[in-house]
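The next block holds one structure in the form of structure tokens; read it before the comments.
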Amino acid sequence: MADENKTERPNGEAASGGATPEGPRAKPNGPGAAGGGKPGGGIGRELTEEEKAWVRNLTPEQKAKIRAMTPAQKKQLLAAAMLARQNAAADARQGPPGLIPTAASAARARPPGAGQQRPAGPGGQGQGAGSRPGGGQKQGPRQVQTAYADPFTPVKRMPKFGQLARHQKIIVAVCVTAIVVIATVLFGTDWVHIPGRDLGAMIRHNTDFLGESITLPRKPVSTTWQMMPHDEAGASVNEATHWQIIAVMQFSYEDMAALVAAAQDKPQAADAAIEIQHWFPADVKAAIQARPPRSIDPSPFFGERYKRGSAIIVTGTNTIVVRLLSD
């Protein structure tokens, strides 16, 4: 009975029964394995050589996911994969003429191959991340090395003088030489006079500093004074031993009245006569030129070193001018 119920198929397999004379039924291998053993991978046609090459690059996990798809999904996935390969090949052939491919364009122009991840298809399954049996990843085109350096790149460490180019060394040498020459002319010679460079040319307004050098019977409201070497032609500030102080002191009405009442008339010393200086306040210069000042005894203003000189009361003002000389 069993032999009568069996019918032979054209390929020699029995219609009913799970075994053949050679043993259990074997699963077919090859390009159609992804389709569960159906011809053409379960899409109703034979695969092309390009499609077979794509199937060979799939991993076992990816093949297992494809077997679980419906024939329609398999067709969509295969069409998307072939379209991606065609677009990659077209990008590799195209491009603006005369431009050197950059790293991004070189990576885009590489056709899908061994070790390269492909975009996921419908349903989220990958389209190939395996490596070829031959081993090793395919290398992309080599990038062109250029000698161009960005001038705006921050300098991490200043180069040494010996590492500079010849023209840079010349520029540095000229700049250093110019600085040395200018400093020598300004501070080492008398060719140029700089107001305020030394103590003798400085016009001061610090009343407390003035009180450290001379005596102030009453504290002035404001002072304008100068300290400079005296009777030592050509002597520098460091070499001078004799000094003079010329001070214009303005007092309040009460203090000025007390100073005038206590003042004693005394002619100016011949070697310490007070002359109008260019730095005197404008109202003091005008008052001295308008009316002769009153010469008084300068002793109330003497200091520890300054024990001779002259003093005048500027008529019509609350100002006293002194010129004191050191011993």
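The values are calculated or read from the model by the stated rules, or taken from the named source; none is laboratory data. Because the structure is a prediction, the values reported are computed rather than measured. Neighbour counts are summed over all protein chains in view; Cβ atoms, including those assigned to glycine, are modelled from backbone coordinates with ideal geometry.
Candidates are the residues of the stretch 141-173 that are among the aliphatic types (A, V, I, L, M) and exposed (fewer than 10 other Cβ atoms within 10 Å of the Cβ); the one that is modelled with the highest pLDDT is ALA165.
Checking each residue in the stretch 203-224 for being hydrophobic (A, V, I, L, M, F, W, C) and within 19 Å of PHE302 (Cβ to Cβ) picks out PHE209, LEU210, ILE214, LEU216.
Of everything in the stretch 57-90 that is in contact (Cβ under 8 Å) with a residue 40 or more places away in the chain and under 18 Å from ARG45 (Cβ atoms), the residue that is surrounded by the most Cβ atoms within 10 Å (Cβ to Cβ) is ILE66.
Looking across the stretch 282-327 at every residue that is within 60 Å of the chain's Cα centre (by Cα) and of a type in the set (Gly, Ala, Ser), the one that is surrounded by the most Cβ atoms within 10 Å (Cβ to Cβ) is identified as SER326.
Residues in the stretch 269-294 that are farther than 16 Å from ARG323 by Cα and small (Gly, Ala, Ser): ALA282, ALA286, ALA287, ALA290. Please verify whether THR215 is surrounded by 13 or more Cβ atoms within 10 Å (Cβ to Cβ), more than 17 Å from VAL314 (Cα to Cα) and among the β-branched types (Val, Ile, Thr), treating the condition exactly as stated. Yes; evaluated as a whole, the condition is true for this residue. If you go through the stretch 291-309 one residue at a time, do you hit one that is assigned to a loop (DSSP other than H, G, I, E, B), polar (S, T, N, Q) and either assigned by TED's automatic domain parsing to the domain that holds TRP243 or closer than 15 Å to VAL248 by Cα (or both)? No, the stretch 291-309 contains no residue that is assigned to a loop (DSSP other than H, G, I, E, B), polar (S, T, N, Q) and either assigned by TED's automatic domain parsing to the domain that holds TRP243 or closer than 15 Å to VAL248 by Cα (or both). Contact annotation: residue pairs with Cβ atoms under 6 Å, 6 or more positions apart or on different chains, pairing a residue in the stretch 169-194 that is farther than 27 Å from PRO159 by Cα with a partner that is β-branched (Val, Ile, Thr) and at pLDDT below 85, are LEU186/VAL192; TRP191/VAL185. Residues that are outside any loop (DSSP other than H, G, I, E, B) and either at pLDDT 90 or above or assigned by TED's automatic domain parsing to the domain that holds ALA311 (or both): does the stretch 187-195 have at least one? Within the stretch 187-195, not a single residue is outside any loop (DSSP other than H, G, I, E, B) and either at pLDDT 90 or above or assigned by TED's automatic domain parsing to the domain that holds ALA311 (or both).
For every residue, the table says whether it meets (1) at pLDDT below 95; (2) surrounded by 13 or more Cβ atoms within 10 Å (Cβ to Cβ); (3) among the aromatic types (Phe, Trp, Tyr); (4) outside the structural domain of VAL322 (by TED's automatic domain parsing).
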site: ASP231; (1), (2), (3), (4): yes, no, no, no
site: SER236; (1), (2), (3), (4): yes, no, no, no
site: THR241; (1), (2), (3), (4): yes, no, no, no
site: GLN244; (1), (2), (3), (4): yes, yes, no, no
site: VAL248; (1), (2), (3), (4): no, yes, no, no
site: PHE251; (1), (2), (3), (4): no, yes, yes, no
site: LYS266; (1), (2), (3), (4): yes, yes, no, no
site: ALA272; (1), (2), (3), (4): yes, yes, no, no
site: HIS278; (1), (2), (3), (4): yes, no, no, no
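Could you please let me know if THR215 is modelled with pLDDT of 75 or more, under 26 Å from VAL284 (Cα atoms) and touching a helix residue (DSSP H, G or I) at 6+ places or on another chain (Cβ under 9 Å)?
yes
Among the residues of the stretch 262-281, write down those that are assigned to a loop (DSSP other than H, G, I, E, B) and either in contact (Cβ under 8 Å) with a residue 24 or more places away in the chain or among the small types (Gly, Ala, Ser) (or both). Listed by number, the residues that qualify are ALA263, GLN264, LYS266, PRO267, GLN268, ALA269, ALA273, ILE274, GLN277, TRP279, PHE280, PRO281. Pairs linking a residue in the stretch 305-325 that is under 15 Å from MET256 (Cα atoms) to a residue that is part of a strand (DSSP E or B) and basic (Lys, Arg), with Cβ atoms under 8 Å and 6 or more positions apart or on different chains, are ALA311/ARG323; ILE312/ARG294; ILE313/ARG294; THR315/ARG294. The single condition among (1) modelled with pLDDT of 85 or more; (2) closer than 27 Å to PHE280 by Cα that ALA178 does not satisfy is (2).
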